[in-house]
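**Q** Before I ask anything, here is the structure I am working with.
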Amino acid sequence: MNKVYNEALHRYAVLTACCTFLLLIAGALVTSNDAGLSIPDWPLAYGSLTPPMVGGIRYEFTHRVIATCIGILTIGLAAWLWKAEQRLWMRWLGVAALGGVIAQGILGGLTVLTFQMPAVSAAHATLAQLFFSTVVSIAVFTSPWWNAARTGEFEDPGSPSVRMLVVWTLVAVFLQLILGAAFRHKAFGIIPHLVGAAVVTILIFMTAGALKRRFASVPELRNCARYLHILIGVQLLLGAGAYWSRLYAARFPQPIAVMVALTVVHTVTGALVLAVTLVTALISYRMLRARSAVAEPAAASQQVAH
């Protein structure tokens, strides 16, 4: 095991990532219940630290409390990484996570103070995904597998390379989450989100298919392909259900339970798709040789032969 591995730090990073996922659920509940302006002031709530827990206030105040806890966890994570990590880039990744959670808190406040301006609200939701991705990355980089795995262990024989495919997929998933956030916050209609869903689906099937065909004997890569297939299938079903429930709920004056449930699960499953795609990218870059690294030995052997 590499000497940089710290079990306690890794467990703390995983805890922070799991708590961040809970924060994403809380944020989705606020949006789906139209509770974003149930507390009209910030950082206090009706000028108090303990507002009456009625109506939409329950969702918005719970969201703020969980966000505060995530902020405290992130301060601890950044400090621990700076003190214990031997890898300088990991220390700065912890600083980036801390900066992200501070910026997220500010955007959350601006969302309230600007009365949920679509651009601000969408930016708040987008930064939440970036922060979640950062913490997930830290959990991966501090894991025992990452610190024990050999770099560039396998050669990718196909074209396009898995490395390239997974980067395209990661970018597409992230852009799709931005489109979803913009749609939820009424920046524009659903058409761009539907187009993005088609692109993401094609890229995920291409990436997962390449992983299964080329690396069926490599458990880590094979499992990544399996999880990508499962998540995209579930997400497509949830997306259809969420849109149907939104149309059905339009006849009611208040958000109804089925619409809230399907929308929240669809939103947070999108975050899981991003996380699994990110982990797939990290594992691929860890285990697969770059094309230049493969080409150099081949060119050298040809020169020797001549």
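**Q** Can you report the number of residues in region 250-302 which are of a type in the set (Gly, Ala, Ser), in a helix (DSSP H, G or I) and either at pLDDT below 90 or touching a Phe, Trp or Tyr at 6+ places or on another chain (Cβ under 8 Å) (or both)?
**A** Of the residues in region 250-302, 9 are of a type in the set (Gly, Ala, Ser), in a helix (DSSP H, G or I) and either at pLDDT below 90 or touching a Phe, Trp or Tyr at 6+ places or on another chain (Cβ under 8 Å) (or both).
**Q** Taking only region 47-67 into account, find how many residues are open to solvent by less than 70 Å² (accessible area, probe 1.4 Å) and outside any helix (DSSP H, G or I).
**A** 5
**Q** Out of (1) under 20 Å from LEU175 (Cα atoms); (2) touching a Gly at 6+ places or on another chain (Cβ under 8 Å); (3) not acidic (Asp, Glu), what's the single condition that is false for GLN104?
**A** So GLN104 meets the others, but not (2).
**Q** Within region 26-45, track down each residue that is within 19 Å of the chain's Cα centre (by Cα) and open to solvent by 50 Å² or more (accessible area, probe 1.4 Å).
**A** LEU29
**Q** For the condition closer than 19 Å to ILE70 by Cβ, touching a residue at least 60 places away in the same chain (Cβ under 8 Å) and more than 14 Å from the chain's Cα centre (by Cα), what is the one hit in THR151, THR142?
**A** One residue alone meets the criteria, THR142.
**Q** Any idea how many residues of region 251-288 are closer than 19 Å to ALA225 by Cβ, open to solvent by 40 Å² or more (accessible area, probe 1.4 Å) and either among the charged types (D, E, K, R) or touching a strand residue (DSSP E or B) at 6+ places or on another chain (Cβ under 9 Å) (or both)?
**A** Counting residues in region 251-288 that are closer than 19 Å to ALA225 by Cβ, open to solvent by 40 Å² or more (accessible area, probe 1.4 Å) and either among the charged types (D, E, K, R) or touching a strand residue (DSSP E or B) at 6+ places or on another chain (Cβ under 9 Å) (or both) gives 1.
**Q** Go through (1) at pLDDT 95 or above; (2) out of contact with any Pro (no Cβ under 7 Å at 6 or more places or on another chain); (3) not aliphatic (A, V, I, L, M) and name the single condition PHE61 misses.
**A** With (1) at pLDDT 95 or above; (2) out of contact with any Pro (no Cβ under 7 Å at 6 or more places or on another chain); (3) not aliphatic (A, V, I, L, M) applied to PHE61, the lone miss is (2).
**Q** Give the residue that is least open to solvent (accessible area, probe 1.4 Å), with candidates limited to residues of region 191-246 that are among the charged types (D, E, K, R) and closer than 30 Å to VAL258 by Cβ.
**A** ARG246
The values are calculated or read from the model by the stated rules, or taken from the named source; none is laboratory data. The shown structure was predicted, so the numbers you read here are calculated from the model rather than taken from an experiment. Virtual Cβ from ideal backbone geometry, glycine too; neighbours counted across all protein chains shown. All accessible areas refer to the heavy atoms of the entire protein, side chains included, with ligands and DNA or RNA removed. Shrake-Rupley method; radii C 1.70, N 1.55, O 1.52, S 1.80 Å.
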